[in-house]
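Single-structure report; data block below.
The values are calculated or read from the model by the stated rules, or taken from the named source; none is laboratory data. This is a predicted model, so every value here is computed, not measured. Cβ placement follows ideal geometry from the backbone for every residue including glycine, while neighbour counts extend to all protein chains displayed.
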Ligand code: ADP
């Protein structure tokens, strides 16, 4: 390895100079024994000017004892006549700016015709610390690296002097005994008039002894398991305990710069500082919440509580600052707030008028919809004022219902009209639900009022439609009945007319046929009674009286209905088959009503086949004896049949699949048959179409007479299958 011996000798020489210079600086604390800078600082600056061949050196700081700004400047001899020390400050303000905090590190300035290089070094860390050391030299290369180092050491030395002076003044106030001791010993040292360096060494020793007290404080602070800091009255962190160090993962020195290192969230620094300043002004305990960065970089919320520590004179000597982790509480609060927001959103967007009332029933909350609907805010609805918006006719009913809910402590509901902001009343369903405590006492009532105006209208319309439908059904049934009655009554009437003319003819004969005339008169009477019976039965039907059970020949009753359908049978090309049982017993029932059922079944069968074109339209009427005491009548068609699932619906009133249907026929038919103690049902055929059947009890007591009376008509065509 080649070594430039001359160069290394120069380097060694330079290093030696440097170390000597550093020793000179370090050996010269800038604080005097009374804690002031007045004498020590100019001496230190002289050393620096001399050492670095400066044109001037300047210090600006806040004297922690006198609490006022202090400026000291020392100039080189070469500058005499160019600038006086007392002018340095204004030259710097003009050249570098009014605010020392913003002075650039290195800058060229002009003094008269001279050009100087300046270096400005900060003396502290706190944001409001304006302490500065400025050194200036006309040398263009100033400051070199080694010079900067020396100046920094000087700046640190001044800063630590500042700190010591601060401690000095505080401790003086803390403990009078110690204070007196310090003074006594300091005076002793001064009295000795020894070498000044020795004095300072001794002074340092005294200060060190004071640090023992500091350690005591540290011990106490460390013993507290919660994060705790002790601050000086100037707001400087003096001591922090282990939990603080562990939490932040920083050293105590670094924590002193908490406002700029991110230890406290940048967004919370300003509030913390202003709270602190207020507390210092008032001397009152303070509390501020701020986010502190944990060693892993995560910020957590803390409640920072500071309270002053006072000496026996009541002067504040320290601030004790406790930091309580409130992250979980903050989160819970945020979750609660989010829940509240959510709940409010839900309550105000629910399509209903939501309200709550206290246990005594007086309203204490309404949602936005409620307020908007009635056009009042909560204030005008509170207590029992909400009832003013209820329709006058519904008010007493509502009050009664509300009282009964409260007495029973049970949920309840009531319909009432509620006035809208524009004066229109709409129907609402008021629903109230109690919130009960463990003993069953009401804590609160919650409720929702739902607008049922449209439903109410629909219900009314439905009722109206039902009434109309019922009327139409009655009319339809009546028209069908009228047709059947016309036929029914027509028969005996034509019998009467025929018999009457026969009677006339017999009486007009010579000799008159009296016996024959008597017979025809008897027949006339019989037919007259028959017509009267029909009308009577008709009345009983419309009076909804139970049918009068008489023996009825179903074959004959059916045959009487067929002529009413002949036109349509022909028009639709339906072939009718009648399969009547020969020995069909008489049924017990109302002939007209049973005929109405048969007519309806036949009409439905023809309707079901009206659209059928791909197969014969066949209608079969069948009567048969069922077991011993029952008679069945079936109407079978080859129509479209019905959906198997709709089998029970067919008999429901108003069920219809026809465009012009009423859905009444089968329902009326079933009730007629059931009034006859019988049964009406439907089934699908094996092939096409459906079969509708009813079975009713036979009339046991009249079977014989009925046979003898009507034997001819019934038996004549009974058992014959006939196509029409
Ligand atoms: P509507 O006069 O409306 O037809 P009904 O009570 O007589 O009233 O019948 C109700 C419904 O039953 C009909 O709309 C039809 O759907 C069904 N229905 C009745 N008879 C038959 C049948 N023979 N074949 C198929 N469906 C039928």
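A count restricted to the stretch 668-680 and to residues that are buried (at least 20 other Cβ atoms within 10 Å of the Cβ), under 10 Å from residue 593 (Cβ atoms) and more than 9 Å from the ligand (Cβ to nearest atom) stands at 3.
Taking residue 357 as the residue in question, decide whether it is at pLDDT 90 or above and in contact with a helix residue (DSSP H, G or I) (Cβ under 7 Å, 6 or more places away or on another chain).
For residue 357, the condition - at pLDDT 90 or above and in contact with a helix residue (DSSP H, G or I) (Cβ under 7 Å, 6 or more places away or on another chain) - is not met.
Of all residues in the stretch 637-667, those satisfying the criterion of being within 8 Å of the ligand (Cβ to nearest atom), in contact (Cβ under 8 Å) with a residue 40 or more places away in the chain and under 17 Å from residue 612 (Cβ atoms) are 637, 639, 640, 641, 642, 658.
Of the residues making up the stretch 600-616, those that are more than 7 Å from the ligand (Cβ to nearest atom) and surrounded by fewer than 22 Cβ atoms within 10 Å (Cβ to Cβ) are 603, 606, 610, 611, 612, 613, 614, 615, 616.
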